[in-house]
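The values are calculated or read from the model by the stated rules, or taken from the named source; none is laboratory data. Model, not experiment: these values are computed from the prediction. Here Cβ is always computed from backbone atoms with ideal geometry, including for glycine, and neighbour counts include all displayed protein chains.
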Amino acid sequence: MFKNPFSFEGRIRRLEYGLSYLIYVSLCGFISIMVTMLGAAASGTATIISLVLYIPAFWFLLAQGAKRCHDRGNSGVWQIIPFYQLWMLFADGDIGDNEYGPNPKGIGLPTLGQDLDFKLKVTDEDIDILDKG
């Protein structure tokens, strides 16, 4: 979880997106409290500090949102649609691989050209039944 949180490539699950959103809201609350404590006396300093902290936090949220859009099979631009973030929290992702990468849950249909490894257990009783038949 949280591999390359500032990257816009790949797919993430609903849990990671929800946790990312909570981290963003908590961080923004912390920044607001910190800026308020600095007060009006250091308004220029408070503005610079808030920008330095808000920009990476917003980048983090956009990157995680884009990856969640990718899990749904959509471009990251879809996250600017009103209320789509709510849909991303509750809707399941694409089953199997899609154009943005493998399923983060590790489940799904195999893609073409992928080797299927399975083992067949044959017992002596099975061979006896085949010989008699």
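Of note:
- The set of residues in region 18-61 that are small (Gly, Ala, Ser) and at pLDDT 90 or above comprises GLY18, SER20, SER26, GLY29, ALA57.
- Residue, nearest to ARG68 (Cα to Cα), within region 2-41, restricted to residues that are of a type in the set (S, T, N, Q) and in a helix (DSSP H, G or I): SER20
- Among the residues of region 9-62, the one identified as closer than 25 Å to GLY106 by Cβ and of a type in the set (S, T, N, Q) is SER20.
- Being within 22 Å of the chain's Cα centre (by Cα) and in a helix (DSSP H, G or I) is not true of ALA46.
- Scanning region 54-68 turns up no residue that is without any contact (Cβ under 8 Å) to a residue 24 or more places away in the chain, buried (at least 17 other Cβ atoms within 10 Å of the Cβ) and part of a helix (DSSP H, G or I).
- Residue tally, condition surrounded by 13 or more Cβ atoms within 10 Å (Cβ to Cβ) and at negative phi, over region 8-31: 16
- Selection status of GLY73, in contact with a strand residue (DSSP E or B) (Cβ under 7 Å, 6 or more places away or on another chain) and either surrounded by 13 or more Cβ atoms within 10 Å (Cβ to Cβ) or in a loop (DSSP other than H, G, I, E, B) (or both): yes
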